[in-house]
Amino acid sequence: MKISVVGTGYVGLVSGTCFAETGVNVACVDIDQKKIDNLNNGIIPIYEPGLEDIYKKNVEKGRLEFTTNLAESIKDADSVFIAVGTPPDEDGSADLKYVLGVAREIGKSMDHYLVVVTKSTVPVGTSMKVKQAISEELEKRGENIPFDVASNPEFLKEGSAVADFLKPDRIVIGTESKQAQKVMKRLYKPFLLNGHPILFMDITSSEMTKYAANSMLATKISFINDIANLCEIVGADVDNVRKGIGSDARIGNKFIYPGTGYGGSCFPKDVQALIRTADEHNYSLEILKAVESVNYRQKEVLFTKLNKRFNGDLKGKKFAMWGLAFKPKTDDMREAPSLVIIERLLNAGASVVAYDPVAMEEANRILGDKISYAKDEYEALIDADALILVTEWSEFRLPNFRVLEKLLNNKIIFDGRNIYDPEELEELGFEYYAIGRSKN
Ligand code: UDX
């Protein structure tokens, strides 16, 4: 089989590379010549565990190629996946100009039956717009080439995208065409040897599934963050409550870890987009509106604790920050809670020395010299007035507290991810502030 994947961003690159892994010939397409040149020279634009290995292997095998020529890439393809960006436009809704631009390009050059699959996260109704754009272009050419559109949302997590793609929980395909279903089944079968399902449904339900999944996950996080804040007020420990509720299989123990609020490129954007879709149809998604405002508030929680501890006098103080990325195993800083905390600290006249195992370059690109960057986690602590842990990288989990004690000016830790044991830290003489744990 042969496919074309348009867009070599995070989704397109991971999808294209993983498809090649099953023996399919994949052409990854992008309009950015520099990106394509880099990919042809072994330079991958994103950090994702496992990606480099399978990228190298499949390029060597000749199954994975990179090009700017979309028309050429679909010549003898069975299917073309649209995986280009949908950045928010001025009013916050997804800008579809890239998705529809690709659809038009396809319509301009296709010469045989194709399944055109939308993989980018797009508002409900977009696949129909893709269909229309292709039809219009074919009409302009006076051609009547058959094609089908399908919606195939991705559920990849940054940091484990390759593993998620190779072993998905489910594949969702929105299309009512039997021919398109057959092509999708063939392509995805190698990934479903674990018995997990491929779910065929109508296009609108498929588009909706993506938003509903991310919104449900965001809801779990805001819920536990809200409960955590109440735990503090009433003197409960949210870590006990989390375990207590998580052992009920109906609730489940995943995605109920309190913290400094969710970030990243998906949850904030998708929650907002679904609220907007509902508003446009004169329906108000009350729960999601609360999910969003709780998350907004949660990003302030750590700073509020810190400000209170130092009696509102942060001027001239220096803080060590461990972790900058919005979550571990990624260099992604989009909507990262660290950015909010840093901004508040700088506005209050404090300075920040940060360390992140992977995201320093990205942070530097965004923050420049507004903060300092340490070469390792211990260097960040030198003469700092407290440690603020924002991202729960595994290497921060068991630090040498004796060294911490020596390097820090004060034995104070603000833990935005509840990764330390309050009793142990108390015994070691640290002042420990966490999220939703009693004695805070
Ligand atoms: C998410 C979805 O998981 C994925 O299915 C979708 O395709 C894209 O969006 P991702 O953005 O990579 O993936 O991040 P994820 O691992 O889901 O975490 C999102 C945010 O929630 C992070 O900021 C994380 O720290 C936070 N989180 C997660 C919590 O605060 N508590 C939890 O219990 C879980």
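No value in this document is a laboratory result; all are computed from the given coordinates. Being a predicted model, the structure only gives us computed values, none of them experimental. Here Cβ is always computed from backbone atoms with ideal geometry, including for glycine, and neighbour counts include all displayed protein chains.
Stokes-Einstein D for region 2-201 at 25 °C, 0.890 mPa s, Kirkwood Rh over Cα pairs, in µm²/s?
Calculated translational D: 145 µm²/s.
Could you list S127, S4 in order of exposure, starting from the residue whose Cβ has the fewest other Cβ atoms within 10 Å?
In order of increasing Cβ crowding within 10 Å: S127, S4.
Please report how far the C-alpha centroid of region 251-328 lies from that of region 121-173, rounded to the nearest whole angstrom.
30
For M1 and F255 in one chain, what is 0.36 nm times their gap in residues minus the Cα-Cα distance, to one decimal in nm?
87.7 nm
At a temperature of 25 °C and a viscosity of 0.890 mPa s, determine how fast the chain diffuses translationally according to Stokes-Einstein, using the Kirkwood radius over alpha-carbon pairs as Rh; express D in µm²/s, rounded to the nearest whole number.
So the translational diffusion coefficient is about 104 µm²/s.
At 30 angstrom or more along the helix axis (alpha-carbon based) and mean Kyte-Doolittle of 1.0 or higher, what helices does the chain contain? Whole DSSP H runs only.
In the chain, no H run is both long and hydrophobic enough.
Suppose each label sits 7 Å from its Cα in the direction of the beta carbon; what would the E343-E143 distance come out to in nanometres?
About 4.7 nm, to one decimal.
Note the full-extension length gain between N38 and M128 as 0.36 nm times their separation in residues minus their Cα-Cα distance, in nm to one decimal.
Once the chain is fully extended between N38 and M128, it gains 29.0 nm.
Name the lysines eligible as straight-distance cross-link partners of K315: C-alpha to C-alpha under 18 Å, and not fewer than 8 places from it in the same chain.
By straight Cα distance, K315 reaches K305, K370.
What nm value, rounded to one decimal, do you get for the distance between D383 and N240 when each label is placed 7 Å out toward the C-beta?
The modelled label-to-label distance comes out at 4.3 nm.
For I287 and L428, what is the calculated FRET efficiency with R₀ set at 41 Å and r taken between the beta-carbons, to the nearest 0.05?
The value I calculate is 0.50.
Between I46 and E300, what length in nm is gained on full extension when 0.36 nm per residue of separation is reduced by their alpha carbon distance?
Gain in length upon complete extension: 88.5 nm.
Output the antiparallel fraction of DSSP beta bridges having both residues in the chain, as a percent to the nearest 5.
5
Please compare each pair in K289/K329; K56/K178; K178/K254; K131/K178; K119/K243 to a cut-off of 27 Å on the Cα-Cα distance and tell me which ones are over it.
K289/K329; K56/K178; K178/K254; K119/K243
Using only Cα positions of region 229-433, each an equal point scatterer, no hydration layer, compute I(q)/I(0) via Debye at q = 0.12, 0.13, 0.16, 0.17 Å⁻¹ and quote the log10 values to two decimals.
Debye curve over Cα of region 229-433, log10 I(q)/I(0) at q = 0.12, 0.13, 0.16, 0.17 Å⁻¹: -0.66, -0.77, -1.12, -1.25.
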